[in-house]
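Q: Have a look at this one.
The values are calculated or read from the model by the stated rules, or taken from the named source; none is laboratory data. This is a predicted model, so every value here is computed, not measured. Please note: Cβ atoms are built from the backbone with ideal geometry, for glycine as well, and neighbour counts cover all protein chains shown.
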Amino acid sequence: MDTPISAGLNPAGLQDFVDTQWDREIVPALKHYIAIPAKSPAFDPDWATRGYIDQVVRDAAQWLESRPVTGLKVEILRLPGRTPVLFFEAPATRRDQGDAVLMYGHLDKQPEFSGWRAGLGPWQPVMQDGRLYGRGGADDGYAVYASLTAIEALDRQGVPRPRCVGLIETCEESGSYDLLPYVDAVRDRLGRVALVVCLDSGAGNYDQLWMTTSLRGLVSGVLEVQVLDEGVHSGDASGVVPSSFRVLRHLLDRLEDSGTGRVLPGSFHCDIPAERRDQAREAARILGDEVWRRFPWACGADQGFVLPMTRDPQQAMLNRTWRPALSVTGAEGLPPLASAGNVLRPRTAFKLSLRLPPLVDAVAAARTLKALLEQDAPYQARVLFHPDPGAASGWNAPASAPWLLDALDAASQQYFGAPCGYIGQGGTIPLMNLLLQGFPTSQFMVCGVLGPKSNAHGPNEFLHVPYAKRLTAAIAQAMAALPL
């Protein structure tokens, strides 16, 4: 294979520049960003009043404006009642001014969560052993800074590149329901998009470049069961009044086999394409048991760790990428243990997160889920399912063009010394499916820094800085390979 490195590109010099930018500019900016609790609107309804989201957007815009990229335009877009979007445009430096590279990321964050190690915290940036701890650095505050650094790295070497536009949203962790109006507003300014670069995804390990081939969809919401208007003495009422918790368990049995974890309705499943099965097999071969060992397992009864649902790496890979799965992520109506008296509670509510295979329509799934849970309620209990706004369908990447496959493999070999890997991800990036529909001929480069134990959304989230440096250089080299 001929190595597709653009004329004039010096990979060693490019990596040196990127490393310096990360150390001098990006890491300090990310430390400041991590310290700001810019929680997504789903977790902070008063986001507009608090001003944290506006603050991180302004900070990122000011950083972009400080960089010496000729003709760079930076704008904070605001639509009434919606979270802001950061838009930037860097004119092409090659003769062809047509097709653009669209670079995507987000600046909103998940909430704090509990369980952070001593000395760490969600809004406390800490650098240890090349890992920058704190909420949002890896998911995915680094994206805007890495994107412009990749552009600047090419410009400093005089390597011709295409026009680059950036969309950095602040509603991604809430389902990106604010983003579509902005995409419509700037569609003419985007022009023809030849390549989408998304830095909000993950990596199978930190030893090579990884491209995301698929993303699951998501339907989330609150399932509420009420049996009384107020709590009553459990000795008086139990055996007569049905437990709201038991009713809720019964409803979940319609959705999930509690013995195996299999989601039961067939409409929430899809056929897995043969190509994705083959890629899962290859990723499982590379990663082996690390597919499931990478999680922070608790110790079981025999002092060994808790067992995964399957120890087969390929099946574990498919379970987390191409099969539906249910998680309960929150609860209401349950008092703390210290104040849990002998009271039969009137109400139980669970926050449900149903991950869907990439080819299942999330809007239809939300309707099906609501009907499944609310119809024929046991004991005629009051049962309501409140879906969250912005049900997000998954994404299955289009076939990659030969030039992109070659460019990705060359970049991985250049900066990691290993071939590019391909892996599905279990998370959801709503914009990807939207862009696939809006730009059906585009190529997609979906990647990120969320590798083993990085623990996005949970405690001890970290950004693996050495990996991020190499990823930034690889993005620059691959971007420069876009054909005229």
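Q: I need a count of the residues in region 100-143 that are in contact with an Asp or Glu (Cβ under 9 Å, 6 or more places away or on another chain) and acidic (Asp, Glu).
A: Of the residues in that region, 3 qualify.
Q: Confirm whether Val196 is farther than 28 Å from Pro357 by Cα and either within 23 Å of the chain's Cα centre (by Cα) or surrounded by fewer than 24 Cβ atoms within 10 Å (Cβ to Cβ) (or both). Step through it out loud before you land on a result.
A: On the way: farther than 28 Å from Pro357 by Cα: no; either within 23 Å of the chain's Cα centre (by Cα) or surrounded by fewer than 24 Cβ atoms within 10 Å (Cβ to Cβ) (or both): yes.
Criteria not met by Val196.
Here's the yes/no breakdown for (1) buried (at least 23 other Cβ atoms within 10 Å of the Cβ); (2) in a loop (DSSP other than H, G, I, E, B); (3) not charged (D, E, K, R):
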residue	(1), (2), (3)
Glu75	no, no, no
Glu112	no, yes, no
Arg117	no, yes, no
Val144	yes, no, yes
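Q: Residue under question is Arg192, and the condition is that it be out of contact with any helix residue (DSSP H, G or I) (no Cβ under 9 Å at 6 or more places or on another chain), over 22 Å from Val465 (Cβ atoms), in contact (Cβ under 8 Å) with a residue 60 or more places away in the chain and of a type in the set (Lys, Arg); does it hold?
A: Numbers: out of contact with any helix residue (DSSP H, G or I) (no Cβ under 9 Å at 6 or more places or on another chain): yes; over 22 Å from Val465 (Cβ atoms): yes; in contact (Cβ under 8 Å) with a residue 60 or more places away in the chain: yes; of a type in the set (Lys, Arg): yes.
Against the criterion (out of contact with any helix residue (DSSP H, G or I) (no Cβ under 9 Å at 6 or more places or on another chain), over 22 Å from Val465 (Cβ atoms), in contact (Cβ under 8 Å) with a residue 60 or more places away in the chain and of a type in the set (Lys, Arg)), Arg192 qualifies.
Q: Can you say whether Val27 is touching a residue at least 60 places away in the same chain (Cβ under 8 Å), assigned to a helix (DSSP H, G or I) and surrounded by 14 or more Cβ atoms within 10 Å (Cβ to Cβ), as far as the supplied structure shows?
A: Spelling it out, Val27 is indeed touching a residue at least 60 places away in the same chain (Cβ under 8 Å), assigned to a helix (DSSP H, G or I) and surrounded by 14 or more Cβ atoms within 10 Å (Cβ to Cβ).
Q: Out of the residues in region 250-304 that are among the acidic types (Asp, Glu) and part of a loop (DSSP other than H, G, I, E, B), which is surrounded by the fewest Cβ atoms within 10 Å (Cβ to Cβ)?
A: Of everything passing the filter in region 250-304, Asp302 is surrounded by the fewest Cβ atoms within 10 Å (Cβ to Cβ).
Residue by residue, here is whether (1) surrounded by fewer than 24 Cβ atoms within 10 Å (Cβ to Cβ); (2) of a type outside the set (Asp, Glu); (3) touching a Pro at 6+ places or on another chain (Cβ under 8 Å) holds:
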site: Glu169; (1), (2), (3): no, no, no
site: Asn205; (1), (2), (3): yes, yes, yes
site: Gly221; (1), (2), (3): yes, yes, yes
site: Glu230; (1), (2), (3): yes, no, yes
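Q: Filter region 288-328 down to residues that are among the polar types (S, T, N, Q) and modelled with pLDDT of 95 or more and give me whichever is farthest from Arg345 (Cα to Cα).
A: Per the stated criteria, the residue is Gln314.
Q: Quick check: is even one residue across region 312-326 assigned to a strand (DSSP E or B), touching a residue at least 24 places away in the same chain (Cβ under 8 Å) and either in the same structural domain as Thr428 (by TED's automatic domain parsing) or not acidic (Asp, Glu) (or both)?
A: Filtering region 312-326 for residues assigned to a strand (DSSP E or B) gives 325-326.
Remaining after also requiring touching a residue at least 24 places away in the same chain (Cβ under 8 Å): 325-326.
Applying the additional criterion that residues be either in the same structural domain as Thr428 (by TED's automatic domain parsing) or not acidic (Asp, Glu) (or both) yields 325-326.
Looking through region 312-326, at least one residue is assigned to a strand (DSSP E or B), touching a residue at least 24 places away in the same chain (Cβ under 8 Å) and either in the same structural domain as Thr428 (by TED's automatic domain parsing) or not acidic (Asp, Glu) (or both).
Q: Taking the criterion of being over 16 Å from Leu154 (Cα atoms) and assigned to a helix (DSSP H, G or I), would at least one residue in region 65-73 satisfy it?
A: Within region 65-73 (the criterion being over 16 Å from Leu154 (Cα atoms) and assigned to a helix (DSSP H, G or I)), the answer is yes, since at least one residue qualifies.
Q: Okay, moving on. In region 331-339, is there at least one residue being within 27 Å of Ser114 (Cα to Cα), surrounded by 15 or more Cβ atoms within 10 Å (Cβ to Cβ), out of contact with any Pro (no Cβ under 9 Å at 6 or more places or on another chain) and at pLDDT 95 or above?
A: No, region 331-339 contains no residue that is within 27 Å of Ser114 (Cα to Cα), surrounded by 15 or more Cβ atoms within 10 Å (Cβ to Cβ), out of contact with any Pro (no Cβ under 9 Å at 6 or more places or on another chain) and at pLDDT 95 or above.
Q: Is at least one residue of region 168-181 in a loop (DSSP other than H, G, I, E, B) and over 30 Å from Pro80 (Cα atoms)?
A: No, region 168-181 contains no residue that is in a loop (DSSP other than H, G, I, E, B) and over 30 Å from Pro80 (Cα atoms).
Q: Starting from residues that are among the aromatic types (Phe, Trp, Tyr) and surrounded by fewer than 17 Cβ atoms within 10 Å (Cβ to Cβ), keep the ones in region 371-411 and report whichever is nearest to Tyr177 (Cα to Cα).
A: Trp403
Q: In addition: Look through Leu77, Leu14, Leu86 and report the one residue that is modelled with pLDDT of 95 or more and more than 27 Å from the chain's Cα centre (by Cα).
A: Leu14
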